[in-house]
Amino acid sequence: MLTFEKLCRAWMTAFNDRNPDEFMSLLAEDFHWVTFPGNSGLDVAGVREWCLTEDVKDGNYTGTIHDSEDVLVGTHEINARGQESKVLGVAKVRDGKVYEYHHIRAPK
């Protein structure tokens, strides 16, 4: 079963090391990052590009709040464009892959 920790650690590798392959394998083809800033969020291609180019680093998994077959909830830290933040993430899961992601980010 996919867990928030596994998802988060793969995501941190994707942008910390600019190596998104494992993370991308955890996303459904119709993935949608709903709360990404902007009008329409990000799809799979947009997420891959974001992981490779965005000024985000120092990602660190900090904890799991809930894991089930349908939803994963947890926290992590990041440094986005020079601002350290804590993030609460909620991933909706279908058939073992994330199809929708929501987050709230607050300064540390």
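Derivation of every value follows stated rules applied to the coordinates shown; laboratory data play no part. Bear in mind the structure is a predicted one, so any value in this text is a computation, not a measurement. Heads up, the Cβs are rebuilt from the backbone with ideal geometry, glycines too, and the neighbour counts pull from every protein chain shown.
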* To do: Restricting attention to region 60-89, report how many residues are in contact (Cβ under 8 Å) with a residue 40 or more places away in the chain and acidic (Asp, Glu).
  => 2
* Scanning for something closer than 21 Å to Ala106 by Cβ and out of contact with any Phe, Trp or Tyr (no Cβ under 9 Å at 6 or more places or on another chain), does region 13-20 turn up at least one residue? -> yes
* Take Glu54 and decide whether it is more than 16 Å from His102 (Cα to Cα), of a type outside the set (A, V, I, L, M), surrounded by fewer than 16 Cβ atoms within 10 Å (Cβ to Cβ) and in contact (Cβ under 8 Å) with a residue 24 or more places away in the chain. => yes
* One residue from Ala14, Ala45 being closer than 19 Å to Tyr99 by Cα, in contact with a Cys (Cβ under 6 Å, 6 or more places away or on another chain) and not polar (S, T, N, Q) -> Ala14
* **Tabulated pairs, region 15-33, first without any contact (Cβ under 8 Å) to a residue 60 or more places away in the chain and under 19 Å from Asp55 (Cα atoms), second aromatic (Phe, Trp, Tyr) and surrounded by 20 or more Cβ atoms within 10 Å (Cβ to Cβ), C-beta under 7 angstrom, 6+ apart or interchain** => Phe23/Trp11
